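Working notes, structure below.
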């Protein structure tokens, strides 16, 4: 998937959110500025979250209470500042994994790959090679 603007990346996130049923862990991987947070904003909008979404870089994890098709929690994690996955375990991330009423999104997931559940969906972001091709998004 290629998006050519922030608006298109948000739209893709909103569309992707319609596939979520709860229990998912989405691992976002990509360089700084590659679209991870923008995609997460789209997911949040698609799940009915009205709050302004920013990366929880300094608090590490934010939980948004929602009520969307059986999904009650949207947990947004930013592992950018972490040295290892133990720090994320210490703040209770494993309590949110695989909960049927929760969607967990982890930015910079490559830093904490060792603690992610086996059924994690990996989404890779890459900046395009020119201004016309803003982002490449690959879901595995």
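Bear in mind that the values in this text are calculations on the coordinates, not laboratory data. Source: prediction; values computed, not measured. Ideal geometry is used to build each Cβ from the backbone, glycine not excepted, and the neighbour counts take in all protein chains shown.
Some points to look at:
- Some residue of region 87-99 being out of contact with any helix residue (DSSP H, G or I) (no Cβ under 9 Å at 6 or more places or on another chain), without any contact (Cβ under 8 Å) to a residue 60 or more places away in the chain, in a loop (DSSP other than H, G, I, E, B) and within 23 Å of residue 11 (Cβ to Cβ): no
- Count - residues of region 1-11 that are in a helix (DSSP H, G or I) and surrounded by fewer than 21 Cβ atoms within 10 Å (Cβ to Cβ): 4
- Scanning region 36-56 for residues that are buried (at least 16 other Cβ atoms within 10 Å of the Cβ) and assigned to a loop (DSSP other than H, G, I, E, B) turns up 47, 49, 53, 55, 56.
- Residues of region 15-35 that are surrounded by 17 or more Cβ atoms within 10 Å (Cβ to Cβ) and assigned to a helix (DSSP H, G or I): 16, 17.
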